[in-house]
1. What net charge is computed for the residues neighbouring B:Val133, neighbours being all others with C-beta under 15 Å from the C-beta of B:Val133, Lys and Arg scored +1, Asp and Glu -1?
2. Taking the Kirkwood radius as the inverse of the mean 1/r across Cα pairs, report the Rg/Rh of region B:184-306.
3. Could you work out the mean count of beta carbons from other protein chains within 10 Å of each residue's beta carbon in B:103-113?
4. Binning at 10 angstrom from zero up to the longest distance, how are the C-alpha pair distances of region B:81-300 distributed in percent?
5. Whole-Hz ³J(HN,Hα) for each residue in region C:265-273, computed from phi via Karplus 6.51 cos²θ - 1.76 cosθ + 1.60 with θ = phi - 60°, x for glycine and proline: what do you get?
6. Could you order peptides A:39-50, B:138-149 by the average number of other Cβ atoms within 10 Å of their residues, highest first?
7. Per residue of A:92-98, count partner chain C-beta atoms within 10 Å of its C-beta, then hand back the mean as an integer.
8. So what's the convex hull volume per residue for the Cα atoms of chain A, in Å³?
Amino acid sequence: MPLSIELSKPKQRESLNKRHFKAKIFARFCACVTWMGTALLLILLYQIFSDGLSWLDWDFLNNFPSRFPERAGIKSALAGTIWLISLVAVFAIPVGVATAIYIEEFSKKNLLSRIIELNISNLAGVPSIVYGIIGLTIFVRGLSLERSLISGALTMSLLILPVIIIASIEAIKTVPISIRSAAFALGATRWQTVWSHVLPASFPGILTGVILALSRAIGETAPLLMIGALTYVAFVPEGPMDSFTALPIQIFNWVSRPQEEFHQLAAAAIIVLLTVLLAMNSVAIFVRHKMEKKLQ
Amino acid sequence: MTTPAVHLKSISKGRVRWLEPLIHSGLGFCTLISIITTATIVFVLAKESFGFFQEIAPSEFFFGTSWVPMFKPSSFGVLPLLWGTLIVTFGAALISIPIGLASAIYLSEYASAGKRAVIKPLLELLAGIPTVVYGYFALTFITPALKVVFPDLQVFNALSGAVVVGVMVLPMIATLSDNALKAVPDSLRQGAYALGATSYEVTSQVVVPAGLSGVMASFILAISRAIGETMAVTLAAGATPNLSFTFLESIQTMTAYIVQVSMGDTPAGGVAYQTMFAVAGLLFVITLTLNIISQWILERYREVYQ
Amino acid sequence: MNHSKSRMMSDEKAMRTSNTNRVFKTGTLLTLALTLMTTTAFAAERLRGTVSVDGSSTVFPISEAVAEEFSAVQPRVRVTVGVSGTGGGFKKFLAGEIDINDASRPIKESELEIAQSSDQKFLELPVAFDGLSVVVNPGNTWVDHFSVAELRKIWQPGSSVKNWSDIRADWPEEPIRLYGPGTDSGTFDYFTETINGASGASRPDYTANEDDNALVRGISGDEYALGYFGFAYYAANKDKLKIVPIDGGNGPVAPSEMTINNGEYAPLSRPVFIYVRESALLRPEVRAFVDFYIDNAGLLASEVGYIALPDMAYERAKSRIAQSDTGTAYSDNDLLSSRDLLKP
C-alpha cells in the first residue's frame, strides 16, 4: 500500500521515468556497440574476400611462390603447414593429455600439484615470441636441428601444450565421480579406470580443446619467424629434417611487399587459412554441441 | 561364481603389477615436461640477460632513453621500446575494453537467445583469427582509413598498431566477460528487478559487480595478450624506437624489436645479440606478473554462490 | 584316355613353353628397363640434393629468380634462399651452414681471417651491377639532386641535420625522415664506406630495416622521407618512388642501365657477388646451380632491375669455377667500382 502511494507521487514517477529512459539508452548503446564491433570484423572479412577471391584457383594451390604474382602459389606453404600440424599433433597431444591425466587422476592435491597447475596457467600466458626464442636457442642452435620442420614443430608443441593441458583438465573434471567410484568398486586399478572410463567420457571435451589448440598453432607466425622459416622455399618437404615454409609465413612475406598484387595474393592465402580454421572450429563446435546435448 | 575371485587375482598379480607404476611414472614424466619448459625459459632468458648486464649497467638499461644497440656509439636504454609497447597496449585497451564489456553486457543481459546463438560463435571464431591477418587488415584498411582522419599519419604509426591490436583482443574480452556475467545466478537479477530496479541498474549495480572477478580477469588477460602481440604491430607500427608523445609516428615495440634482431640474424654472442634476451626477459616478467595478478583477482574476488 | 593323356602332355608342354616365354619376357623387359634407366640417367642428368643460399636482401631478387628458373630445369634439386643480410649470411657461410652467400659487398678482412683460420676456401663470383639508389617520395618536389657531400652531411654519425632546410636553405623546414638498411646489410656497409668514409659509420636515428620492402612502403607513404637501397627495389616500385640523381663530381647522374654500366653513376655503382664454398662446389647439384647462375645471371639480373656484367666478366667467372680459383680479389681498403671488375 505505501508503495503505490509513493509511486503515484509525481517526483517519484519522474525519476522512475528517467531511470527507465536511462536503461533504454543503455540497452540501445550496448546493442549498437556490439553490432559496431561485429561490423568492423565483417569489414575485415569483406576486405579479404574482395581482394583475394579472384586469385584463388587451382594454380594458386598448386604452384610454388614466384617473383611473378600471376605464377605464385602456396604449394610449399600449405605442405609445410600440414607437415607442421601433423608433427605438432604427434608431440603435443599425448604429452598434454598425459599431463592432464596425471594432474587430475594420479597426483595428490598438495602444494606441488598446486604449483604445477599455477605453472601451466602461467605458461599459457607467455607471449609466443618467447617460445620462438626458446626454439631458436634450444632446438635450432642447441640441439643443432637447424631450421627444420622438427624445430618448428617442437617449438609450436611447447606453445600449445598449456592450452591442451588446461582444456583436458577441464574435460576430465566434468566426468562424474560416480563413474570412477564404480570402477574402483569393481577392483579396477587407477589406470584401468582412466583408460576405459574417464578418457572415453571426457573425450569430446579433450577433442574440442585439442582442435582449438591446433588451430591456434596453425596461425602462429612469430615463433616460426624466429626459427628462420622466412626463406624462399619452392619444394614440398619430404622429411622432418627439411627446411620449410608455412602459410602464415607466406602471408607475412606477401603482405610485406609493396606491390598491390602481392597483397591480393596474401588475401587469397588468408582465405585458404581461414577456411582451414573454420573447418577445424566447426568440428570442435559440433562435437561440443553434441556433448552438451548428451549431458542433458 | 568364479568370475569375481579370478578377476581380482589377475589384477593383483601379473602384468598389471608392473604396468601400473610404469604408467604412473610415464604420466609423471610428461607432467615434468611442462615444468622443464618453464625452467628452460627462465634459465635461457636469465643466463643471457645476466651476460648482458655484465656489460651494460642495469640502470642504463632500465632508465636510458635511447635505444641504439646496433650502431656505434651504442646506447641501451630500453625505455623507447617499453614506451612503444605501452602506447600500443594502452590504445588497444582504450578501444577494446569499453566495446568488449558493452558487447558482453549486451550478449548476457539483452540479447535474445537467437541473436546470442549467432553472435557468440561468431565472436569465438573471430578470436581465433591469426594475428598476421590483422596485420594485413591494418595495412589495407585501418591505416588508409585513419589517414583520412589524420592526414599527417605516417605509413608506420602507433595509432594503427593500437587500433588493430584493440580490434584483435576485442572478441576475447567479449567472450570471457560474457562467460563471467552469464555465470551470475539469475536469482540475483530477479531479486533486483523485484525491488524495482531498471535493467541498467540491475546490470551496473548487481550483475557486473557480481561477475567482476571474471570481467577484470578478462581485461588483464587481454592486456597481457596485447603486450605480447608481435605480427600485427610489426606490420603496422614500424621499427623506429621512439620515445615521444605521438600516436602518428612510427614506433617500435619490444616484440617487434625481438623479431628484427632475429631476422637480421645478429651473431650468437656479443652484446647486440644479448639485447634480444634482455628485452624478452623484460617482456616475460611483465606478462608473468599480469597473469599472476589476473589469477589472484579471479581467486580472491570470485563470488561463490552455493 | 588318350585324349586326357595327350591333353595332359599338351598342357605340360604348354606350361613349359609358357614358362620359357615368361623367362624371355622378363629378361627382355629387364634389359629394356636397364637400358632405359641408364640412358635417361645420362641424358637428363636428374640431380637430387639441396642447395642453401642466404645473405643479402639486395641480391635476393636475383637469387630468387635463378632458383625459380633452375627448379624448372632440375626439379629434384631443392634450393632455399634466405635473407639474413650480407653480414649475417657470411656468419652462416663461414660456419659452414650454407652453401652460397649472396653478398652486396666483398668479404671483409675480419671475415677473411675467420675463413683462413678455419681453412675454408671459397669462390668469389660477381653476378651483376647494382646502382645503389637514393630515393624520396614522389610528392617531394624540391630535391633535384644530391651531392656526395650533402649525403655525407645527412648520414654521417653525429649528424645535426634534422630538417630539409638544414641541407639547403631554400628547402622546406620540415623534419627529414630517414629510412635505410640495418647494420647486417652489405648495402649499409657499402653506403657508409662510400659516403661516410668508414664501413658502419652512420647516424643511428633512422628507420633501420633489413626488409627493403618495408623501406619502400615507408618512403612511399611519407612526403618527407629519404632512404637508400638496391636499385632493384626502386625498379620494382617506380610508381611509388622518386629517384634522386647523385653528383659524384661530374654533375648529377641518375642510375640507369647505361650509367651504371659505364661507371658514370658514381660513386654508388657497385658489383654484387655470390660466394660459394669450395667444399660445397664438389656436390654436383651445387655445381649445376652455380653454373646455371652464371649462365643466366645477366638475363635475370636485368629482369629484376639490376645491370648485367659484360660477357667477359661472366666468362672469367666460369673459368674461375672450372679452375677452382679460390680467394678474394679485394682487400679491405678497396673501394669498388664497376671498372675494377674488368681489370686483368
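Every read-out reported here was derived from the displayed coordinates using simple, explicitly stated rules and does not represent laboratory data. What you are looking at is a predicted structure, and each value in this text was computed from that prediction instead of being measured. So basically every Cβ, Gly included, is an ideal-geometry build from the backbone, and we count neighbours across all protein chains shown.
1. Values: positive: A:Arg216; negative: A:Asp51, A:Glu220, B:Glu229.
The answer is -2.
2. Details: Rg = 21.7 Å, Rh = 17.9 Å.
Rg/Rh: 1.21.
3. Working: counts 8, 2, 7, 11, 3, 0, 3, 6, 3, 0, 0.
Counting Cβ atoms of other protein chains within 10 Å of each residue's Cβ and averaging gives 4.
4. Distribution as computed: 8, 29, 30, 20, 9, 3, 1 percent.
5. Values per residue, Gly and Pro as x: 6, 10, x, 9, 7, 7, x, 10, 10 Hz.
6. Working: A:39-50: 16.2, B:138-149: 17.8.
Sorting A:39-50, B:138-149 by mean packing, highest first, produces B:138-149, A:39-50.
7. Working: counts 0, 0, 2, 7, 3, 2, 8.
Mean shielding count: 3.
8. 240
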